[in-house]
Structures are given as C-alpha cells and as structure tokens.
1. Which count do you get for residues in the range 27-36 that are over 12 Å from W56 (Cα atoms) and either in contact with a His (Cβ under 6 Å, 6 or more places away or on another chain) or part of a helix (DSSP H, G or I) (or both)?
2. Looking at the range 34-54, which of its residues are among the hydrophobic types (A, V, I, L, M, F, W, C) and touching a helix residue (DSSP H, G or I) at 6+ places or on another chain (Cβ under 8 Å)?
3. Hey, can you tell me all the residues within the range 29-55 that are surrounded by 14 or more Cβ atoms within 10 Å (Cβ to Cβ), of a type in the set (A, V, I, L, M, F, W, C) and either farther than 23 Å from D7 by Cβ or at pLDDT below 95 (or both)?
4. Does F60 count as in a helix (DSSP H, G or I), surrounded by 13 or more Cβ atoms within 10 Å (Cβ to Cβ) and at pLDDT below 90?
5. If only one of L34, L55 is over 19 Å from P8 (Cα atoms), of a type in the set (A, V, I, L, M, F, W, C) and free of Cβ contacts under 8 Å to residues at least 60 places away in the same chain, which one is it?
Amino acid sequence: MTRLARDPLYRRHRFPAVVIGHSVWLYFRFPLSLRTVEDMLAARGVIVSHQTVRLWAEKFGSYFANDIRKT
C-alpha cells in the first residue's frame, strides 16, 4: 500500500491537516476564543492546548486567507 504524500506546509506537525484547518477555520470564522476552540476540539476527542491553536492560527491563518482571495 502506498502512502500519500503530505502537504509540505504541514510537515512536522503532530495532527493531520484536516484538524489544523478545522481549528483555524473555527477561530477565524466565528467569534470564538482560543480556549473555546480548544474545548470544541476536546469534545470531539482531539486534545490540544489553546496555545497550540494560537500557534496554528499565526502560522496558517495568512495561508488560508491568501488561498481564499485567489478564488
């Protein structure tokens, strides 16, 4: 079975791109705090700290915004 190549943007991250993307989307799309996003992910079985969500928002937020502007 071959393994799919991961997007290089998400290299060296513990969580898959889907989880990172969803948490960043929640944070920027709705007026939620970092701790609220942390709680929402925890309710779905994904244990991350609010600090991790903040770092993801800093790193990937502009990438997602630029991608939206292209379309």
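1. 3
2. L34, V37, M40, L41, V46, I47, V48, V53, listed by residue number.
3. L32, L34, M40, listed by residue number.
4. no
5. On the way: L55 fails: over 19 Å from P8 (Cα atoms).
It is L34.
The values are calculated or read from the model by the stated rules, or taken from the named source; none is laboratory data. Predicted, not measured: the structure shown is a model, and the values here were computed from it. We place every Cβ from the backbone using ideal geometry, glycine too, and count neighbours over all the protein chains shown.
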